[in-house]
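Each reported figure results from applying straightforward, stated rules to the coordinates on display, with no laboratory input. Just so we're clear, the structure is a prediction, and the values are computed from it rather than from any experiment. Positions of Cβ are generated from backbone atoms using ideal geometry, with glycine treated the same way; all protein chains shown enter the neighbour counts.
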Amino acid sequence: MAKTTEPRTAPAGKAAAKGTRSAADTEKIRVALAQRRDELQAEYERTLSDISELQRERLTDSAGDDQADTGTKTFEREQEISLANNILERITQVERALERLGEGSYGWCERCGNAIPVERLAAFPSATLCVSCKQLEERR
């Protein structure tokens with residue numbers, strides 16, 4: 001029997017409770033998320049700058065490289081690019097959280113509609129799934 005992955009709608013009581021966050025709380029969350037996005041953006045720009053600098057150094061220091069040296073440099077470059085892509089993904093997650101905050105859906109699971117525990121949001125402010133739904137996703 002196949003499980004459906006369509007999000008369920010929240011019961012009427014939960015939908016009504018979505019608007020219970022105060023404007024001050026919403027603004028505090030928005031400021032924290034915007035600050036995190038700016039920090040990640042600065043980290044991303046530093047990482048790109050570091051990658052460019054390392055690439056220049058590798059180009060000037062490649063005389064006499066054998067296959068192992070070339071392979072090592074390629075592996076290191078791929079790791080650096082992967083780190084930069086991870087930072088970019090985290091920026092995207094924070095921007096999505098900011099969008100959800102503006103829509104009024106921040107703090108509510110995108111899959112089941114239940115509230116995401118405050119503790120989870122404190123640890124991972126850009127979470128879009130409750131703990132149960134995230135565990136189900138990770139098992140797949």
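Label point 7 Å out from Ile51 along Cα-to-Cβ: which residues of region 81-105 have amide N under 15 Å? Within reach of a label on Ile51, which here means backbone N under 15 Å from a point 7 Å along Cα→Cβ, region 81-105 contributes 81-92. All Cα-Cα distances of region 69-140, cut into 10 Å bins from zero to the largest, leave 19, 36, 24, 14, 7, 0 percent in each bin in turn. Every Cα-Cα pair in region 12-139 was counted, and those over 17 Å apart are 67% of them.
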